[in-house]
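Engineer: Have a look at this one before I ask anything.
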Amino acid sequence: MAIRPPLRRRALALSSAGIGLTLLLTACGSGAGSGRGSDGKIVVGLITKTNDNPFYVKMREGAEKKAKELGVELRTFAGSGQTDNDSQVSAIENLVAAGAKGILITPSDSSAVVPAIERARKAGVMVIALDSPTDPASAVDATFATDNRRAGQMIGKWAKSKMADKRARIALLNLSADHVKVDILRNQGFLEGFGINVGDPGRIGDEHDPRIVGQEVTGANEEGGRSAMEKLLQKDSSINLVYTINEPAAEGAYQAIKAAGKARDVTIVSIDGGCSGVKDVTAGAIGATSMQFPVKMAAEGLAAVAAHVKNGSKPSPSSGQAFTDTGVSLITNTPVPDLPSQKSDWGMAHCWG
């Protein structure tokens, strides 16, 4: 087992290695370790999975705007990839050392990050998960997120209706092989919506339905989506329905499908609702996508921390849920009966608001 270097040395090493951590910590002065910035504002951290994914870019922008509105000093961090847990743990430790009053985090690994979160909470820091729940959900003080299972179910139901007169040949393009919570919820939600029985609720890919051609991981990015789709098309060229973990993966998948001359034969469904993804719905590259609202997640999370510092309050979860549901809308230009949806012009006006 590798020995973890001391906290300060490790933070510097992470930064110099260029793995994507944005460290805005004050090294000295009245703000260091006090939980207040140099101008007396409370310090809150935002830790996302990456710096470059448009979803997290929009979330950060929304958080920065809300922080100014609330008079909060926001310090932002990001890992080098969708599954970079070590960088997130280091970011939590840096924020605790700086005396932050709250931490908002989109967990890269829903389980592995829990010990670091527990240490932060024991130190008196309010920790809120955004978008991706922790496992267990009780590891954080609150969660503001899309109902990811419902988001999957919506595109699954839409696909089932669209494929009613065809024999489905399904490819599933997931996040990673680590069975992280958000990956499971979206994947299994899609299968449930399509009418396929899922296997172990804590795993991906153990179903035995003959309609499923195969599953591949994408890293939730365009290159991964293209590579995964190429592999599955080589395995079975009859694929006519593709589920993707998010819209960057969907874009890569579409490139592979188009290159294979099958753009007219394959329907892609996805989850995110980013502006570029909505444009893909308009263009017909994506048949339907479930829109999330990351700005709302960040804004409500920051407001919850500010309220907690002021009066000790904590947000209550949505009725019947273990988290605060920030909503989801189905975006498609080919609506189906009995499934509420919005067209892409509405989607462009609301993407990630």
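The values are calculated or read from the model by the stated rules, or taken from the named source; none is laboratory data. All of these numbers come straight from a predicted model, not from anything done at the bench. Backbone-built Cβ (ideal geometry, glycine too); neighbour counts: all protein chains shown. Note: areas computed on protein heavy atoms with side chains; ligands, DNA, RNA excluded. Shrake-Rupley method; radii C 1.70, N 1.55, O 1.52, S 1.80 Å.
Engineer: All but one of (1) farther than 20 Å from residue 256 by Cβ; (2) open to solvent by 20 Å² or more (accessible area, probe 1.4 Å); (3) of a type in the set (Lys, Arg) hold for residue 186; which doesn't?
Structural biologist: For residue 186, the failing item is (2).
Engineer: On the basis of being crowded, with 19+ Cβ neighbours inside 10 Å, of a type in the set (A, V, I, L, M, F, W, C) and under 18 Å from the mean Cα position of the chain (by Cα), does residue 92 make the cut? Give the derivation first.
Structural biologist: Values: crowded, with 19+ Cβ neighbours inside 10 Å: yes; of a type in the set (A, V, I, L, M, F, W, C): yes; under 18 Å from the mean Cα position of the chain (by Cα): no.
Spelling it out, it is not the case that residue 92 is crowded, with 19+ Cβ neighbours inside 10 Å, of a type in the set (A, V, I, L, M, F, W, C) and under 18 Å from the mean Cα position of the chain (by Cα).
Engineer: Could you tell me which of the residues 284, 273, 277 is farther than 17 Å from residue 106 by Cα, surrounded by fewer than 16 Cβ atoms within 10 Å (Cβ to Cβ) and of a type outside the set (Phe, Trp, Tyr)?
Structural biologist: Values: 273 fails: surrounded by fewer than 16 Cβ atoms within 10 Å (Cβ to Cβ); 277 fails: surrounded by fewer than 16 Cβ atoms within 10 Å (Cβ to Cβ).
One residue alone meets the criteria, 284.
Engineer: Right, something else. How many of the residues making up the stretch 315-353 are assigned to a loop (DSSP other than H, G, I, E, B), open to solvent by 60 Å² or more (accessible area, probe 1.4 Å) and of a type in the set (A, V, I, L, M, F, W, C)?
Structural biologist: Number satisfying all stated conditions: 1.
Quick grid of which residues meet (1) under 30 Å from residue 167 (Cβ atoms); (2) in contact (Cβ under 8 Å) with a residue 24 or more places away in the chain:
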position: 263; (1), (2): yes, no
position: 267; (1), (2): yes, yes
position: 304; (1), (2): no, yes
position: 307; (1), (2): no, no
position: 312; (1), (2): no, no
position: 321; (1), (2): no, yes
position: 325; (1), (2): no, yes
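Engineer: Of the numbered conditions (1) open to solvent by less than 10 Å² (accessible area, probe 1.4 Å); (2) under 25 Å from residue 311 (Cα atoms), residue 123 fails exactly one; give the number of that condition.
Structural biologist: So residue 123 meets the others, but not (1).
Engineer: Determine if the stretch 144-156 includes at least one residue that is of a type in the set (Asp, Glu) and either assigned to a helix (DSSP H, G or I) or under 28 Å from residue 335 (Cβ atoms) (or both). Before you say what the answer is, go through the steps one by one.
Structural biologist: Restricting attention to the stretch 144-156, the residues satisfying the condition of being of a type in the set (Asp, Glu) are 147.
Those still in the list that are either assigned to a helix (DSSP H, G or I) or under 28 Å from residue 335 (Cβ atoms) (or both) too: 147.
Yes, the conditions are met somewhere in the stretch 144-156.
Engineer: Has the stretch 72-88 got at least one residue that is out of contact with any Gly (no Cβ under 9 Å at 6 or more places or on another chain) and either among the small types (Gly, Ala, Ser) or under 22 Å from residue 322 (Cβ atoms) (or both)?
Structural biologist: no
Engineer: If you check 84, 178, 165, 135, which single one turns out to be surrounded by fewer than 21 Cβ atoms within 10 Å (Cβ to Cβ) and over 26 Å from residue 51 (Cβ atoms)?
Structural biologist: 165
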